Amino acid sequence: MLHLAIVGSGPAGYYTAEAAQKLWGEHVRIDIIDRLPVPYGLIRSGVAPDHQSIKGVARRYEAVALTDNVRFIGRVSVGSDVSVAELQGIYDAVVLATGAPADRALGLPGQELANVFGSAAFVGWYNGHPQFAGLAPDLTRGRAVVIGNGNVALDVARILAKQPAEFVGADIVGGALEALGASGLDGVTILGRRGPYQIAMTPKELGELAHLSRAAPRVDPEDLPPVADDATLDPGLRKSIQILRSFAAPPAPPACPFDLTFDFFAAPRALIGHGRVEAVEVERTRIVDGRAMGTGDIYRIPASIVIAAIGYQTTPIAGVPFDTAAGRFANDEGRIAPGLYCVGWARRGPSGTIGTNRPDGFAIVDKIAADLPAGGSGKSGRAGFEALAKARGLDFGTFRDWQKIDEAEVARARQGAPREKFVSIDAMVEAAGKK
Ligand code: NAP
């Protein structure tokens, strides 16, 4: 029997489990360990609450979770409750699928000012991640500045622009919905340090900005290259640019009280304020060999809240080699050390779609199969974990516990919403009947 531990129950974790099941069938036992009592990682806490169709993929993970040879172990933090070395002593292979849940630092003067957040924290807040439930962003007045030209910047800008009625069918948490409903913000500036041709925004996500009830996207036509140049672009980017062109074309309808303004060639240089952020100091850039070069032209944008959506990094785990510059585990195509692997964002950094993690999961299982003796190395697996948990007094959660939490969240949903998430671990544990 082969014993596999997968740390992290997001897409990369479940696709790895699926791949291991396909390859070894009855001959593998898989334990998926998560620090939260609830599974699915980025699907629950990262994917936008108004993108429910993307979250539907969790049903596929559930099918994997419900098979006999896969077990969910909730509320166990690898690195503090148990060490990676301990897991390696118990399992034939340990796969770190911990994603990239931490914000990359902006590294700007003033980043410590109040009402400045990274997107991991801000998205975690409206998605009900227990770590960020107490964030309490002040949305009561002024203007938001979102830094970054990726899809997370679009998610954040769209959520800030939406009215409560536009969240019907979304699983945004009640507290965030209330704060957004009472929002006194009058617009969002989306800052890109490079230009339209360098965006990391995809057409579907950009197109959504055209369908908001009170908000109008705006692009300065001067920022757009000549139309003829679009022919050189790959089809996806060309589509995105066509959408940006449509945002530049029509005069904004006067009825729109909320603008979503794209400010390209605009590199943030400092956050300004007394205690709380009041403005972003920006330097105009031009692109040289694909890089943003400052022009010396400095200006300020008023900002009562700033959200930096500039990418994520993996959280280091004690004893695991870490590539600090890249913000992920040091690895060679997923291999960290004998018996220790990483997969998904923890391997390659935060890129691609949810689906990109599926081939990643299958590839890492192929590597494990190539490295391990057939039939495993006689390690204790689940029995060993249970003994360790007992010795350490770890009262870990199960998939059945999650199902009870799930049922309770669905039962307490506001009208039209799929669920009302519990935003504290205590409340989750109570809903599981463990308190
Ligand atoms: P991303 O796609 O890497 O975009 C990060 C953005 O931040 C880039 O525009 C980058 O500009 C900018 N940036 C980085 N450092 C900066 C700095 N110091 N100052 C100013 N700007 C800076 O990351 P993401 O938006 O966090 O998305 C992560 C992944 O999740 C992506 O693969 C994304 O497509 C995916 N995602 C998908 C969806 C969806 O499909 N609906 C939704 C959300 C996220 P440069 O290009 O100049 O470096």
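Kindly indicate which of Arg218, Arg214 is free of Cβ contacts under 8 Å to residues at least 60 places away in the same chain, more than 16 Å from the ligand (Cβ to nearest atom) and more than 28 Å from Arg414 (Cβ to Cβ).
Being free of Cβ contacts under 8 Å to residues at least 60 places away in the same chain, more than 16 Å from the ligand (Cβ to nearest atom) and more than 28 Å from Arg414 (Cβ to Cβ) holds for just one of Arg218, Arg214, which is Arg218.
For a quick check of your reading: which helices (runs of 4 or more DSSP H) sit entirely within the stretch 56-148 and have at least 1 residues that are crowded, with 24+ Cβ neighbours inside 10 Å and not assigned by TED's automatic domain parsing to the domain that holds Gly344?
Hits in the stretch 56-148: 119-126.
Please pick out the residue among Ala330, Ala325, Ala318 that is more than 16 Å from the ligand (Cβ to nearest atom), of a type in the set (A, V, I, L, M) and exposed (fewer than 13 other Cβ atoms within 10 Å of the Cβ).
Going through Ala330, Ala325, Ala318 in turn, the sole match is Ala318.
Of the conditions (1) more than 25 Å from Gly195 (Cα to Cα); (2) among the polar types (S, T, N, Q); (3) touching a Lys or Arg at 6+ places or on another chain (Cβ under 9 Å), Thr140 clears all except one; give me its number.
Condition (3) is where Thr140 drops out.
Just to be sure before I move on: is Arg347 in contact with a strand residue (DSSP E or B) (Cβ under 9 Å, 6 or more places away or on another chain) and within 16 Å of the ligand (Cβ to nearest atom) in the structure I sent?
Values: in contact with a strand residue (DSSP E or B) (Cβ under 9 Å, 6 or more places away or on another chain): yes; within 16 Å of the ligand (Cβ to nearest atom): yes.
In short, yes.
Of all residues in the stretch 372-416 being without any contact (Cβ under 8 Å) to a residue 60 or more places away in the chain and at positive phi, which is surrounded by the most Cβ atoms within 10 Å (Cβ to Cβ)?
It comes out as Gly378.
Kindly indicate which of Leu209, Leu180, Leu185 is surrounded by 13 or more Cβ atoms within 10 Å (Cβ to Cβ), within 15 Å of the ligand (Cβ to nearest atom) and among the hydrophobic types (A, V, I, L, M, F, W, C).
Every option except Leu209 fails the conditions.
Any idea which residue in the stretch 16-57 is nearest to the chain's Cα centre (by Cα), counting only those that are more than 24 Å from Ala161 (Cβ to Cβ) and within 16 Å of the ligand (Cβ to nearest atom)?
By that ranking, first place goes to Gly41.
Looking at Ile190, Ile241 in this structure, which one is of a type in the set (Val, Ile, Thr), within 15 Å of the ligand (Cβ to nearest atom) and part of a helix (DSSP H, G or I)?
Ile241
The values are calculated or read from the model by the stated rules, or taken from the named source; none is laboratory data. Everything numeric in this text was worked out from a predicted model, so none of it was measured. We place every Cβ from the backbone using ideal geometry, glycine too, and count neighbours over all the protein chains shown.
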